[in-house]
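Notes follow the structure.
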C-alpha cells in the first residue's frame, strides 16, 4: 500500500472533523440543506431592511451663459447636504473663456500644491467638466454660488 503524503492525510482528517462538527450543531440537522438556523430576536439579520429617506428636491439656478461663471472662484467649504455641516476647504477654481477649468489646491496626502487643468462646457444650465464631473448650480449670483456635484455641495465665492 502506497503511503499518503502527510499534507493529504492532515487535510482529509480536518475535513472529516469539520463535517462531524457541522452535523453536531443544534438546529442545522433539522433544517433542509442550504438553509441557516434561526437568528436570535435581536440579531441584525432579523431587522427589516433600512429604506433610504426620500431625497429632498434641491432648487436649481441654471447657468444661462458661461459668462456668469467666468473668472476665479474660491472654494471655501463643502458639505454632504445643502446647508448641512460644512467641511472647510481651500481651493481655487478658474473658469476661462476658452472652456478650461483650472483647479488649484493643497493636497494633504502628498503635502504639495496641485493644479489640474480640465475642460468644461455649459449644457442644459449645468457645468459639465471632463475630469471633475457634472455640477448644477443650486443658488448663486456674481459674488457667490453653491454647486451640487456627485460628492455633495460646494460653496464658492469670488
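The values are calculated or read from the model by the stated rules, or taken from the named source; none is laboratory data. Note that the coordinates shown come from a computational prediction; the quantities given were computed from them, not determined experimentally. Methodologically, a virtual Cβ is constructed for each residue, glycine included, from the backbone with ideal geometry; neighbour enumeration extends over all protein chains shown.
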Report summary line: Reported set for segment 42-90 where residues are part of a helix (DSSP H, G or I) and at pLDDT 90 or above is 67, 68
Report summary line: Filtering segment 117-133 down to residues that are part of a strand (DSSP E or B) and exposed (fewer than 14 other Cβ atoms within 10 Å of the Cβ) yields 117, 121, 123, 133
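Is it the case that some residue within segment 91-109 is farther than 13 Å from residue 71 by Cα and assigned to a loop (DSSP other than H, G, I, E, B)?
Here is the first cut: in segment 91-109, the ones farther than 13 Å from residue 71 by Cα are 91, 104-109.
When the remaining residues are screened for being assigned to a loop (DSSP other than H, G, I, E, B), the result is 108-109.
Checked segment 91-109: at least one residue is farther than 13 Å from residue 71 by Cα and assigned to a loop (DSSP other than H, G, I, E, B).
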**Report entry** Failed item in (1) exposed (fewer than 13 other Cβ atoms within 10 Å of the Cβ); (2) touching a residue at least 12 places away in the same chain (Cβ under 8 Å); (3) closer than 17 Å to residue 152 by Cα, with residue 106 passing the rest
**Finding:** (3)
